[in-house]
1. Could you list, in sequence order, all residues of the range 50-63 that are surrounded by fewer than 19 Cβ atoms within 10 Å (Cβ to Cβ) and either modelled with pLDDT under 95 or within 12 Å of the chain's Cα centre (by Cα) (or both)?
2. Go through the range 100-121 and give me each residue that's assigned to a strand (DSSP E or B) and surrounded by fewer than 19 Cβ atoms within 10 Å (Cβ to Cβ).
3. Anything in the range 136-149 that is within 10 Å of the ligand (Cβ to nearest atom) and buried (at least 16 other Cβ atoms within 10 Å of the Cβ)? List them, or say none.
4. Which one of these does residue 90 not meet: (1) modelled with pLDDT of 95 or more; (2) surrounded by fewer than 14 Cβ atoms within 10 Å (Cβ to Cβ); (3) part of a strand (DSSP E or B); (4) away from the ligand (no atom under 12 Å from the Cβ)?
5. Let me confirm something: among 38, 97, 66, which residue is touching a helix residue (DSSP H, G or I) at 6+ places or on another chain (Cβ under 9 Å), under 22 Å from residue 165 (Cα atoms), in a strand (DSSP E or B) and at pLDDT below 95?
6. Between 80, 133, which is within 10 Å of the ligand (Cβ to nearest atom), modelled with pLDDT under 95, over 14 Å from the mean Cα position of the chain (by Cα) and at negative phi?
7. If you take the residues of the range 155-168 that are near the ligand (Cβ under 9 Å from one of its atoms) and either modelled with pLDDT under 95 or part of a strand (DSSP E or B) (or both), which of them is nearest to the chain's Cα centre (by Cα)?
8. Can you give me the number of residues within the range 100-127 that are in contact with a helix residue (DSSP H, G or I) (Cβ under 6 Å, 6 or more places away or on another chain), farther than 20 Å from residue 164 by Cβ and modelled with pLDDT of 95 or more?
Ligand code: IMP
């Protein structure tokens, strides 16, 4: 059954303004350098697509797919690579971009894995941060919004595969977003 959304948490206009700011900040920090942007499929695709158009830098774009959720809504801590990078990151400036950091278990695993490949710089950018749910420490270099402990969907984020296409970020009705 498709879960229901109940209210808008962050509007498309607010997202657009913040994504522009993040792009400007990243452009300043990496001025004069090249950047490899690594999006995490599938949740980050809308965010990455908007963010890279605010980067005034020469960039490459790559994607990884990892699984820790299936279609339920809590992290198992068990992370699998479904798709690895196409490009080597050794000696390169890498910016990992994700939609949301929740427990942090997925990103902890991914960042540990990527750092063993010896990038020159490895930074993390997330659109949303739910700090109250963190189970492991993960340094976030660029953060769009800090949000409360609610399950959200829209702007690339899904609930059971639904709602990635919504332009705003919505809170999902808890009774319909069953936490495993
Ligand atoms: P973590 O390992 O618990 O930090 O989970 C990270 C992943 O869980 C994200 O990349 C999302 O795919 C998913 N996730 C966590 N919270 C939400 C949410 O509120 N809405 C949609 N997906 C979420």
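1. Listed by number, the list holds a single entry, 63.
2. Start the filter on the range 100-121 by keeping residues that are assigned to a strand (DSSP E or B), which leaves 100-101, 121.
Result: 121, single match.
3. Once the filter is applied, which keeps residues that are within 10 Å of the ligand (Cβ to nearest atom) and buried (at least 16 other Cβ atoms within 10 Å of the Cβ), the range 136-149 yields 138, 147.
4. (3)
5. Just one listed residue meets the conditions, 66.
6. 133 is the lone residue from the list that is within 10 Å of the ligand (Cβ to nearest atom), modelled with pLDDT under 95, over 14 Å from the mean Cα position of the chain (by Cα) and at negative phi.
7. Of everything passing the filter in the range 155-168, 157 is nearest to the chain's Cα centre (by Cα).
8. Result for the range 100-127: 1.
The values are calculated or read from the model by the stated rules, or taken from the named source; none is laboratory data. If you're wondering where the values come from, they're calculated on a predicted model, not measured in any experiment. In this analysis, Cβ positions are derived from the backbone assuming ideal geometry, glycine residues included, and neighbour counts consider all displayed protein chains.
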